[in-house]
Each structure stands twice: as structure tokens, then as C-alpha cells.
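Participant: Below is a structure I'd like to ask you about.
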């Protein structure tokens, strides 16, 4: 099996790594404009999206609409400050793992972190996604659970 990898400078990306980077670029632009419709073409209608069950906007999401709603609620809760960017990727034929750096502000508090996001891509769309945060306790505190 051959895997394509990218470094922090984004070099040497394979097609799935480029797809995930493009998804995050579109997500950032859509978040800033408030119009998430550009993301619809990148997420399968029946996507299986699993975020850690933190805050009232995450958990197991089973449709494109649920994912877009989650993004809207995260942006609303953070006053539009929730931001994510791809640090590096590694991919196989159908999956790409991306190290994601993220930050957000809420109620005068700022949080930053990283997570491992693993995407399955089929037919040019995200078919499944799993997220693994570096510090779930900080996430729970930030979203008001502890």
C-alpha cells in the first residue's frame, strides 16, 4: 500500500489530501460569509460524521444537513470565531487523516487545540468522518460541560 503525506508546508499532497485542504478552505470562506451552501457539494447526503459528544452541537451526525447545522451552531456559539486549518495529511486510496489545528473564543475565553480527523472520501464527497481531539477535558470545559 502506498500512502501520500504532506508536511506542515503543504508540500507533496496526494489527491485526497488536496481534497481535504480544499474542504477546509471552503469551510473557512463559508463560515466567514455565513453561507455554508458551498460545502454541500463536498459532503455526501448520507455522511456518517462522528464528533466527540461535547457541547450541544456535536456527537454522531448522520446527514449532510446535520453536519451543516453543527457547523452553524458552533459558529453561533463562538460568535463566528471557530476556525480550523489543516497542518498535515496522510492518505491511502480512500481515506485521509489530517492533523487539524483549531481555535475558538466564547464568553471571553479562547481555546486552541489540535485533533486528528480521519475522512473517507467516495465519489468526490466526504462519506464518513471521525474526530479525535488532543485534550477532551479542555474541550468539555470550553463548551461548558465541566
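The values are calculated or read from the model by the stated rules, or taken from the named source; none is laboratory data. Only a predicted model underlies this, so the values are computations on that prediction, with no experimental measurement involved. In this analysis, Cβ positions are derived from the backbone assuming ideal geometry, glycine residues included, and neighbour counts consider all displayed protein chains.
Participant: What is the number of the single condition among (1) touching a residue at least 40 places away in the same chain (Cβ under 8 Å); (2) outside any loop (DSSP other than H, G, I, E, B); (3) surrounded by fewer than 17 Cβ atoms within 10 Å (Cβ to Cβ) that residue 138 does not meet?
Facilitator: Just one mismatch for residue 138, condition (1).
Participant: Out of the residues in segment 35-45 meeting the condition of being touching a helix residue (DSSP H, G or I) at 6+ places or on another chain (Cβ under 8 Å) and in contact (Cβ under 8 Å) with a residue 24 or more places away in the chain, tell me which one is surrounded by the fewest Cβ atoms within 10 Å (Cβ to Cβ). Break it down into steps so the answer makes sense when it comes.
Facilitator: Start the filter on segment 35-45 by keeping residues that are touching a helix residue (DSSP H, G or I) at 6+ places or on another chain (Cβ under 8 Å), which leaves 36-40, 42-45.
Checking which are in contact (Cβ under 8 Å) with a residue 24 or more places away in the chain leaves us with 36, 39-40, 42-44.
Details: 36: 18, 39: 19, 40: 14, 42: 18, 43: 22, 44: 19.
Among those residues, the one meeting the criterion is 40.
Participant: Sticking with this one: Select, from 62, 32, the only residue that is at pLDDT 95 or above, farther than 17 Å from residue 124 by Cβ and loosely packed, with under 15 Cβ neighbours inside 10 Å. Spell out how you get there, then give the answer.
Facilitator: Working: 32 fails: at pLDDT 95 or above.
Exactly one residue qualifies, and that residue is 62.
Participant: Sticking with this one: Could you tell me which of the residues 94, 11, 85 is over 24 Å from residue 142 (Cβ atoms) and at pLDDT 90 or above? Talk me through it step by step, then tell me what you get.
Facilitator: Details: 11 fails: at pLDDT 90 or above; 85 fails: over 24 Å from residue 142 (Cβ atoms).
Going through 94, 11, 85 in turn, just one is over 24 Å from residue 142 (Cβ atoms) and at pLDDT 90 or above: 94.
Participant: Still on this structure, I have one more. Need the failing condition index for residue 112 against (1) touching a helix residue (DSSP H, G or I) at 6+ places or on another chain (Cβ under 7 Å); (2) under 21 Å from residue 21 (Cβ atoms), just the number.
Facilitator: Going through (1) touching a helix residue (DSSP H, G or I) at 6+ places or on another chain (Cβ under 7 Å); (2) under 21 Å from residue 21 (Cβ atoms) one by one, residue 112 breaks only (1).
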